[in-house]
Every structure is written in C-alpha cells, then in structure tokens.
Amino acid sequence: MKAMFYPGCSMQRNARPYLDSLQAIKGDIDLELQEIADWNCCGATEYMSVHRVAAHSLVGRNLALAQHQATGTDLLTAGCSACYLNLAKTDAQMREDAQLKGTVNEALAAGGLAYQPGRLKVRHLLDIVCHDIGYAAIQAKVVKPLHGLKVAAYYGCQVVRPDYDGRWDSHERPTSMDKLLQALGAEPVDWSLKTQCCGGHMSVIGPDVAFGLIRRLIHGAREAGADMVVTLCPMCQLNLDAYQVEMNKHFHTDYQVPVLYFTQLMGLALGKPAKELGIGKEFVDAAPALAKIQAEAPKAEATKRKRRPKASDGLPMPGMESRHD
Amino acid sequence: MISAPVSTSPHGPGQFLAEVMAATPGDNRLNLCVQCGSCGGSCPSGPEMEHTPRRLFALIRAGERDTVLKSNAPWYCVSCYYCTVRCPQDIHITDVMYTLKSMAIKAGLFHDAALPGFSETFVDYVEKYGRSFELGLATRFNLRHHPLSLAGMAPMGLAMLKRGRIDLTPHRIDGMAQLSAILEKAKALEAAP
Ligand code: SF4
Ligand code: SF4
Ligand code: SF4
Ligand code: SF4
C-alpha cells in the first residue's frame with residue numbers, strides 16, 4: 001500500500017513520537033509513504049479565520065505538489081486531524097464549488113501550479129491503517145500482544161467530522177480505532193466521550209475553556225477504567241498530555257492518565273523497542289501503565305521543577321538563531 | 001418553529017445573509033436554518049458564547065451586522081463540527097463561523113483582540129516561513145496579549161525543550177517565493193468583488 005504523505009508541522013517537532021513510531025512500523029504493515037517535497041503548513045484552523053481564499057490556496061499548494069509528485073498512488077494521507085481536514089476540505093469544497101476551484105487555481109497559477117480536485121483521495125492515517133491495511137493483516141504481525149492493557153480510544157473531532165467522503169461508521173461513536181486496539185490484544189473501554197472536543201487551540205487562547213474540556217475527557221477515561229488514552233492527533237495529544245499537567249494545577253487535581261499515539265501501541269505490539277517509538281517523551285509518564293504489559297518503557301522525565309522559575313527562565317525567543325538543533 | 005427560506009436579494013433585510021453566504025464556499029445552505037437549536041445544544045463552547053449558532057443565524061437573517069460581527073461566538077468555536085453533522089438542514093455551520101471571523105477582522109469589529117491575535121500571529125509565521133513555529137507562536141502571542149502568563153508557561157516550555165518537542169528556530173521552506181506569489185494572488189482575488 002503506497003500513499004503520498006503530508007507530515008505537517010506538529011509531527012516534525014512536538015509530535016515527533018508520532019512520526020518516529022509511524023516510521024518504525026510502516027515496513028511491517030506494508031505501508032510505503034512518499035513525503036510531499038517542500039510542503040508548507042496547512043494553516044491549522046487559524047489561516048481560515050483570516051483569509052479565506054488564501055487559506056484554500058495555502059492548502060492547494062500542498063495538494064498541487066502532491067498531485068504533481070505522486071508516483072503509483074492516488075492516496076494522500078496525514079496523521080494530524082487539522083492537517084487531514086484542511087486537505088480534505090479544500091479538495092471537497094473545490095469539487096463542490098466551481099467558483100472556488102477557479103479562484104484557487106488562478107492563485108496557484110501565480111506559482112506555476114494547478115490542482116484538479118478529486119485527483120487525490122485524502123485519508124487520515126488511521127483510516128488507511130484500519131480500512132485499507134486492515135485488522136487481520138495487522139493482527140498477523142503482532143508478536144507482543146497488549147494483553148491486560150485497558151485503553152480509551154479517543155478520536156477527537158476533525159477526523160470523524162464532517163467526514164466529507166463517508167469514511168467512518170459513526171460521527172459520534174466510531175469503532176475503528178477500538179477494533180485496531182483489540183487486534184493488538186488491548187482491551188478498549190466503553191466510554192461516551194470518544195469524539196468530544198479537547199478544546200483545540202483554546203488551550204492557548206482561552207485556557208479556562210480548554211481546562212474544563214480536558215478535565216472532562218481525562219476524568220471520563222479514568223472513570224471508564226482506562227490505563228491510558230490513545231489518540232490519532234498531535235493537537236489532541238498535546239492538549240490531553242501536556243495540558244493535563246496545567247489542568248491539574250488549575251483545578252488542584254492529580255490526574256495521571258498517560259496519552260499515547262495509536263502508532264506507538266502498534267509498535268509495542270509489533271515488538272519494537274519503546275525508545276524507538278518515542279515512548280518516554282510524554283508529560284504524563286506512561287511507564288506505570290505499560291508495566292502491565294511488561295513493555296520496557298524509558299521513564300518520562302519529571303515535569304515538576306524544584307525551584308521557582310526566575311525571570312531569565314522565560315521561553316527562549318525566536319531571535320536565538322545561533323542555537324540550531 | 002419552521003420558517004420559510006429568507007430572500008437573499010442584495011437589497012433589503014436579506015442583504016447581510018446574502019453577503020455571509022457568498023463569502024462561504026460550497027453549498028452552505030445558511031438561508032435554510034429552521035431555528036431548531038440542535039447546533040447550540042451540541043456545542044462544547046456554548047456556555048462561553050455570547051450567542052449560540054442558532055441565535056447568531058437569527059441575527060444574521062435580521063441583518064444585525066454589528067451585533068453578529070462583535071459577538072465572541074465565532075472566536076470560541078473550536079471547529080469540532082458537532083453542530084454541522086447534527087444540523088437537520090445540512091447547514092455548513094462551522095464554515096459559516098470561519099466566514100464570520102474573517103468578516104469581523106476585515107470590519108475591525110471583534111470584541112477581544114486576543115482572539116483574532118492568535119490567528120494573526122499564526123498567519124504571520126506561515127507567511128514568513130511556510131511553516132508554523134510553535135515556540136515562536138506561543139511566545140509572541142503571549143507577549144502581545146498575556147505578558148503575565150509567560151512566566152507561568154516557562155516550565156512547560158522547558159519541559160518541551162527537554163523532550164526535544166519544540167524548535168528554537170523556524171524552518172523556512174524552499175518554495176517560499178512561490179508560496180508568497182500564490183498567497184498574494186489569492187488575497188487579490190479575495191479582495192476583488
Ligand atoms: S496545521 Fe498544525 S499540524 Fe498542520 S501543518 Fe500547520 S501547524 Fe502543522
Ligand atoms: S479533538 Fe481537539 S485537537 Fe482534535 S480535532 Fe477536536 S479540537 Fe482539534
Ligand atoms: S441546527 Fe441547523 S437548522 Fe437547527 S438552528 Fe442550528 S443551524 Fe439552524
Ligand atoms: S463547530 Fe463550533 S459552533 Fe459548531 S459545535 Fe463545534 S464549537 Fe460549536
């Protein structure tokens with residue numbers, strides 16, 4: 001199975017464990033990914049709020065590059081919900097709206113590009129893994145079944161909704177990731193919040209709103225008896241993991257529910273070492289939960305700082321050009 | 001309450017509605033709202049919004065341009081698409097929220113500068129580098145809008161750095177000139193009537 005691949009900014013950095021674990025498993029599940037050369041940011045939900053046609057053209061450049069570069073596939077996949085939806089939305093709306101199709105292509109022409117809507121099939125990574133590669137093929141590769149691990153499959157919003165091409169069994173209670181986790185030997189818990197919102201960008205612009213949504217999800221997963229939440233999106237992971245720590249401070253609670261990517265659990269079940277899967281980079285340590293399946297997990301670094309931060313401890317500024325990594 | 005589709009002629013009370021519909025790509029069906037309230041009832045941000053989507057759409061229909069564009073509602077929309085999949089009339093509610101945000105920015109009407117500020121900071125980065133830059137984004141956004149929260153965010157920023165989960169410098173794509181030409185053209189086309 002081959003697909004064009006849009007990694008997106010998050011996967012390059014904050015969601016690196018998602019990308020690393022995907023790279024680690026893709027050979028085993030017979031997935032070949034051709035990265036779009038010189039892709040640009042898709043604009044998340046922000047660009048769309050400021051310049052409409054430009055937002056579609058921004059995404060249009062990625063679609064045009066993918067169409068132009070693709071060899072032997074008409075699939076285009078992304079692992080981030082926002083990236084996936086932006087690609088799917090621009091393609092769907094260009095198909096539906098001839099005027100938009102014309103305008104976007106007029107803009108693309110200024111850069112010597114063109115995109116024929118419908119030429120690529122835009123699919124989220126989970127969709128390809130579950131529905132194209134399939135549960136049986138994956139189960140056949142499992143060498144370390146995740147027996148005893150209780151997981152809350154969390155889909156978030158933008159993969160299963162609005163679902164332009166009807167890829168999912170439900171917009172509110174989908175089961176694909178649950179079945180995948182079952183194929184890995186884990187036990188998915190039944191919980192009602194699997195497609196409730198994690199707050200998206202509100203964690204940055206209006207943290208109080210986001211903290212409430214995050215608490216509800218984390219609490220729900222714990223009540224359902226889950227050892228961890230499993231996610232398919234860098235933004236969801238960031239909100240539920242990193243902001244879980246902040247949320248605890250805000251509400252004076254002490255939730256410790258780790259949040260991993262489905263690709264990381266696939267890697268464990270396929271026998272990959274935890275380190276290769278980026279396990280240990282999460283804020284809420286997954287090691288205690290993973291001990292249940294005896295996967296050696298490097299301990300996540302302690303998040304608590306001993307001393308109070310001084311002013312000089314502020315975030316490094318973008319001007320620090322000398323410190324390339 | 002069932003009401004008939006409103007006329008979307010460029011004159012009269014339907015004018016603002018026509019304008020919002022024209023600025024929303026696709027078959028958005030906003031004129032077919034039956035005011036059933038399913039959208040507001042599904043919205044995770046409902047309690048923080050000054051107007052639920054249903055009320056906002058009634059105001060659009062009534063031509064209450066200023067009230068609509070000043071409302072915090074579109075800015076509290078997290079694009080969860082619950083309303084959109086539940087709307088019995090298949091109205092592209094989330095897309096309309098995007099339209100209202102860009103109209104509010106254009107008209108200079110929004111009620112808290114922090115809300116569009118995040119979007120604009122993000123856009124600045126994309127236009128300069130072709131990639132977003134999480135660290136610069138959070139820092140610049142917070143410097144401009146919540147200088148006091150920077151100290152509070154430092155431990156999280158450092159924890160991110162330790163885990164190699166954040167960049168210190170943005171990455172610039174090779175085709176920056178091409179991307180700029182595309183975006184410039186797109187904006188010119190968007191501005192043209
Ligand atoms: S939307 Fe987010 S994840 Fe997607 S490319 Fe842009 S910054 Fe990256
Ligand atoms: S769950 Fe959160 S991050 Fe994921 S799509 Fe919804 S709002 Fe965005
Ligand atoms: S759900 Fe649809 S029809 Fe009902 S009030 Fe909302 S927009 Fe109108
Ligand atoms: S998409 Fe926006 S308006 Fe609709 S339910 Fe979600 S947050 Fe509310």
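The values are calculated or read from the model by the stated rules, or taken from the named source; none is laboratory data. Please read all numbers here as calculations on a predicted model, not as lab measurements. Ideal geometry is used to build each Cβ from the backbone, glycine not excepted, and the neighbour counts take in all protein chains shown. Side chains included, ligands, DNA and RNA excluded: accessible areas come from the protein's heavy atoms. Shrake-Rupley method; radii C 1.70, N 1.55, O 1.52, S 1.80 Å.
Of note:
- Residue list for the range B:33-65, filter: near ligand 3 (Cβ under 8 Å from one of its atoms) and among the aliphatic types (A, V, I, L, M): B:Val34
- Hits in the range B:32-81 (condition: under 10 Å from B:Met97 (Cβ atoms), within 13 Å of the chain's Cα centre (by Cα) and more than 16 Å from ligand 1 (Cβ to nearest atom)): B:Ala73, B:Pro74, B:Trp75, B:Tyr76, B:Cys77
- When A:Ala3, A:Ala64, A:Ala70, A:Ala82 are checked against the criterion of being crowded, with 23+ Cβ neighbours inside 10 Å and away from chain B (no Cβ under 12 Å), A:Ala3 stands alone in meeting it.
- Of the residues A:Gln99, A:Gln139, the single one that is over 30 Å from A:Thr263 (Cβ atoms) and either surrounded by fewer than 19 Cβ atoms within 10 Å (Cβ to Cβ) or within 25 Å of the chain's Cα centre (by Cα) (or both) is A:Gln99.
- Subset of the range B:76-94 (residues that are outside any loop (DSSP other than H, G, I, E, B), over 16 Å from B:Gly37 (Cβ atoms) and more than 8 Å from chain A (Cβ to nearest Cβ)): none
- Pair list, Cβ under 7 Å, 6 or more apart: the range B:24-38 residue in a loop (DSSP other than H, G, I, E, B), other residue of a type in the set (Gly, Ala, Ser): B:Val34/B:Ser3; B:Gln35/B:Ser3; B:Gln35/B:Ala58
- Any hit, the range B:14-36, residues being within 14 Å of another protein chain (Cβ to nearest Cβ), over 24 Å from A:Asp91 (Cα atoms) and either touching a Leu at 6+ places or on another chain (Cβ under 7 Å) or within 16 Å of ligand 2 (Cβ to nearest atom) (or both): no
- Positions within the range B:60-75 being more than 9 Å from chain A (Cβ to nearest Cβ) and assigned to a helix (DSSP H, G or I), in sequence order: B:Ile60, B:Arg61, B:Arg65, B:Asp66, B:Thr67, B:Val68, B:Leu69, B:Lys70, B:Ala73
- The numbered conditions (1) away from every other protein chain (no Cβ under 14 Å); (2) at positive phi; (3) at pLDDT 95 or above are all true for A:Gly148 except (3).
- Of all residue pairs spaced 6 or more apart or on separate chains, those with beta-carbon atoms under 9 Å, a first member in the range A:22-44 that is assigned to a strand (DSSP E or B) and a second member that is away from ligand 3 (no atom under 16 Å from the Cβ) and small (Gly, Ala, Ser) are A:Glu32/A:Ala3; A:Glu32/A:Gly72; A:Leu33/A:Ala3; A:Gln34/A:Ala3; A:Gln34/A:Ala66; A:Gln34/A:Ala70; A:Gln34/A:Gly72.
- Residue match in the range B:31-53 (condition: farther than 20 Å from A:Gln196 by Cβ and open to solvent by less than 10 Å² (accessible area, probe 1.4 Å)): no
- Residue within the range A:173-190 that is within 12 Å of chain B (Cβ to nearest Cβ), surrounded by 22 or more Cβ atoms within 10 Å (Cβ to Cβ) and not in a loop (DSSP other than H, G, I, E, B) present: no
- Restricting A:Lys101, A:Lys141 to those that are basic (Lys, Arg), more than 9 Å from chain B (Cβ to nearest Cβ) and assigned to a loop (DSSP other than H, G, I, E, B) reduces the list to A:Lys141.
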